[in-house]
Every structure is written in structure tokens, then in C-alpha cells.
Amino acid sequence: MRTDTFRGRDFITLLDWSKEEVEQILDLALDLKRDRAIGQYHDHLLRAKTLFMIFYNQSLRTRNSFEAGMHQMGGHAHFLDPSKIYTPALEGKEVAYSTERVSDVARVLSRMGEAIAIRCYGDPVDWEYGGANALLHEFARWSDIPILNMEDDKYHPFQALADVLTVKEKFGTFKGTKFVMSWAYSPSAHKPRAVPQSAIIAASMMGCDTVLAHPPEMALDPEIIAACQQYAEMNGSSFEISHDFMAAAEGAHVLYPKAWAATPIFKPPVGEDSLDKAQEIFDSYKDWKATREYMEQADRNAIYMHCLPADRAWECSNEVIDNTDPKSGWRSVVYDEAENRLHVQKAVMALTM
Ligand code: CP
């Protein structure tokens with residue numbers, strides 16, 4: 001493996017990385033996972049190095065897996081709350097003595113550490129689709145050290161790596177694996193599209209037969225759909241869109257139903273500029289829920305995936321998400337998926353930092 005092609009690179013979207021590079025990351029993640037299981041530690045890999053983590057939004061998995069990962073590799077992950085520093089802001093969005101221009105923040109942190117990780121979506125950019133992704137790119141423009149995307153409003157690439165690593169562990173192959181990314185109901189109309197968009201990129205890039213299922217109003221970014229179609233063509237696999245929740249699940253090996261909001265969030269096609277209308281449209285799809293009946297449409301050995309946090313009782317029944325018994329046929333792998341965040345992030349950090 002050539003590691004010199006990884007060093008110093010940003011990790012904002014999988015679209016910037018080749019299939020071969022993603023395979024190398026997954027292989028290294030598996031090596032690190034096995035080593036940790038047998039008590040072999042790698043606290044020399046990032047010794048004395050610092051990862052700055054700027055969280056504009058809440059997090060359980062992402063924050064803790066990055067912090068644990070940096071600790072396990074001998075470095076330090078430093079948590080930065082944007083409201084407790086001068087909030088990094090783009091030119092034109094600044095407030096005197098309250099914000100600090102991204103170009104200055106990026107150059108200052110570049111003098112002190114080895115990578116900057118950022119989570120930003122939703123309220124901090126007024127739910128303007130692409131606004132948070134633009135913020136990350138502005139950081140990348142000025143930073144001398146890698147920018148790692150801990151979820152923006154378009155992409156959640158580390159979640160997608162953990163997702164495909166989990167598929168690889170469970171099935172050993174991507175070829176012939178039917179991967180269904182589906183919308184599911186949640187009462188919250190405020191959910192970014194980053195997880196489903198990155199999941200379909202990763203699944204189609206790796207060669208799964210990928211299906212995207214959603215109500216017509218919840219379409220994803222057409223540029224990302226086009227990229228998925230291209231990956232399917234390159235891999236000799238398939239990429240399809242369905243508006244039928246149950247039919248899409250038929251014969252699936254991977255079922256990944258979760259809620260997301262269409263964008264613009266309160267504008268057509270969802271909501272006609274009205275939160276009430278958006279809520280009304282969401283509430284008309286309450287039957288898009290992962291239940292036993294839904295899982296039984298799939299292959300006998302299907303897995304249920306969710307990035308978590310799950311809106312239990314709305315997106316899925318307890319019976320589905322809590323079924324981790326491999327003897328039952330279909331089963332939930334959500335905790336393996338969450339754990340795999342740690343291993344893929346360690347792999348990317350070790351390679352890029
Ligand atoms: N899946 C995920 O990113 O979880 P957190 O929001 O808890 O980080």
C-alpha cells in the first residue's frame with residue numbers, strides 16, 4: 001500500500017477518494033480492530049499529535065470515537081465549542097468580537113496541531129443546503145493540515161466508511177449484495193441528508209446493488225444520484241430509486257431505513273415555505289417504519305443498519321433494532337456499526353495525519 005498518497009489530504013467526501021483508496025482504509029481499519037481485540041496497541045502512531053474538533057452540533061458517537069481513537073494512537077483530541085471560542089464564520093457572516101473569520105481560525109490551528117475536524121449542519125447555517133459544506137471547504141482552503149468532515153449538510157463520510165466496513169464484515173463481499181437505503185418516518189422534519197447521501201455513495205462505489213427508497217418529496221441531491229449511477233456502471237452493479245417502502249426491501253441483504261429532510265427544508269417540494277406543511281407531509285408517511293413485517297421482506301440473513309441516534313417507536317420498532325441474535329435470521333448490527341466508527345476513523349487519521 002502506498003501511504004504517501006494519503007498524507008495531508010482532507011477527508012470531506014468519499015467522492016474525492018478512489019475505490020482502491022477506500023478499500024485500503026477498510027483493510028487498515030480491520031487490522032486496527034483486530035489488534036485492539038488482542039491487546040496490541042498503537043500508541044506510537046500519532047504520538048504527541050493533536051486533532052482539533054469543532055462541533056457546531058451535538059454528538060455522542062462522533063465525538064467519543066474521535067477522542068478515543070486519538071488517545072489509542074498516542075495523540076490528543078481537543079474539543080472546541082464554537083460558542084466558547086470566537087465562532088468561526090465566513091466573510092459576510094461576521095459579528096464583531098463574537099465571530100472570527102474561518103481563514104484566520106484555520107491558519108492559527110494549523111500552527112498548533114495536525115488536523116482539524118468539523119461538524120456543522122442545520123441551524124448554524126440556517127438550514128441552507130450546502131452552507132456547511134462550503135464552510136468546510138473554506139477551512140480546507142486556508143488550512144495547512146487535513147480537514148476531516150465529522151458531518152456537514154451534504155456528507156458524513158466517516159459514517160459511510162463504518163457502514164461499508166460493517167457490510168464487509170457481515171457478508172465478506174459487496175458484489176451481489178443488495179443495499180437498501182430507505183427514508184423512514186420521524187416526527188422531526190429537521191434532519192440532514194448527509195447520512196443517506198454518503199451511504200449510497202459508499203455502497204455504490206464499493207459495488208453493492210444499491211436501492212434508494214423514499215417518498216417522492218424526499219429526493220436526494222441529483223449530483224450525488226448521478227455519481228452513484230456512474231459507480232454502478234463502473235462496477236457492473238445496479239443503482240435504483242423506489243418510492244415503495246415495502247417493495248424496495250424485497251430480497252435485500254442490508255436494510256438501512258432512517259429519516260431525512262428534503263431540501264430546501266421548508267420550501268417546495270416539502271412544505272411550501274411552511275414548517276406546518278413540511279410536518280404535514282412528513283406525518284403522511286408514518287407507515288415508513290422498520291417493523292418485523294418489513295424485515296421479513298428481506299433476505300433471511302439480512303442486516304438492519306442505522307447510524308444512530310434512532311428515533312425508536314417512529315423509525316423502527318424495538319423488536320427490530322434490539323434483535324442482535326444471529327440465530328434469528330435477520331438481525332440488527334447497529335452497535336457493530338457504531339463501533340466501526342472508531343476503527344475507520346483511526347485508519348484515516350493514521351494515514352492522513
Ligand atoms: N452517527 C453519528 O454521527 O452519531 P452522533 O450524532 O452521535 O455523532
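The numbers here are math on the coordinates, done by the rules we state, and not lab data. Note that the coordinates shown come from a computational prediction; the quantities given were computed from them, not determined experimentally. Every residue, glycine among them, receives a Cβ derived from its backbone with ideal geometry; neighbour counts consider all protein chains shown.
Using only Cα atoms, locate the centre of the stretch 66-94 and the centre of the stretch 177-203, then give the distance between them in Å, rounded to an integer.
26 Å
Long-range amide H contacts for residue 156: which residues qualify at under 5 Å (H placed 1.01 Å from N, peptide plane, sequence gap of 5 or more or a different chain)?
Hits under the 5 Å cutoff: 198.
Which of rounded, prolate or oblate describes the chain when judged by the alpha-carbon gyration tensor and an a/c cut-off of 1.5?
Note, shape of the chain comes out oblate.
Relative contact order, percent, of the chain when contacts are C-alpha pairs under 8 Å separated by at least 6 residues? Show your work: numbers first, answer last.
Working: 713 pairs, mean separation 67.2, N = 353.
After rounding, I find 19 percent.
Of all trypsin sites (Lys or Arg not before Pro) in the stretch 249-353, which ones are in loop regions per DSSP and have a Cβ with at most 14 other Cβ atoms within 10 Å?
Answer in residue order: 286, 300.
If you filter the stretch 11-97 for trypsin sites (Lys or Arg not before Pro), then keep DSSP loop positions with at most 16 other Cβ within 10 Å, what is left?
47, 84, 93
Can you tell me the relative contact order of the stretch 134-228? Whole percent, Cα pairs under 8 Å, sequence separation 6 or more.
Worked out over the stretch 134-228, it gives 29 percent.
Express the relative contact order of the stretch 233-353 as a whole percentage, based on alpha carbon pairs under 8 Å and six or more residues apart in sequence.
Relative contact order for the stretch 233-353 comes out at 23 percent.
I need the phi-derived Karplus couplings for the stretch 191-200: 6.51 cos²θ - 1.76 cosθ + 1.60, θ = phi - 60°, integer Hz, Gly and Pro marked x.
Result, ordered by residue: 9, x, 9, 4, 5, x, 5, 6, 5, 6 Hz.
Counting just the Cα atoms, what span does the stretch 14-106 cover along each of its three principal axes? Round to the nearest Å and put the largest first.
So the three principal-axis extents are 52, 29, 24 Å.
Going by amide H atoms built from the backbone, whose H comes under 5 Å of the H on residue 151, apart from near neighbours?
It is 120, by chain and number.
Which values, in whole Å and largest first, are the semi-axes of the equivalent ellipsoid of the stretch 182-288 obtained as the square root of 5 times each eigenvalue of the Cα gyration tensor?
25, 15, 10
Mind listing which GluC sites (Glu not before Pro) in the stretch 66-114 are in a DSSP loop and have 12 or fewer other Cβ atoms within 10 Å?
Sites meeting the loop and neighbour criteria: 91.
What's the longest piece of the chain with no exposed chymotrypsin sites (Phe, Trp or Tyr not before Pro), counting a site as exposed if DSSP puts it in a loop and it has at most 13 other beta carbons within 10 Å?
Result, exposed sites excluded: 98-353.
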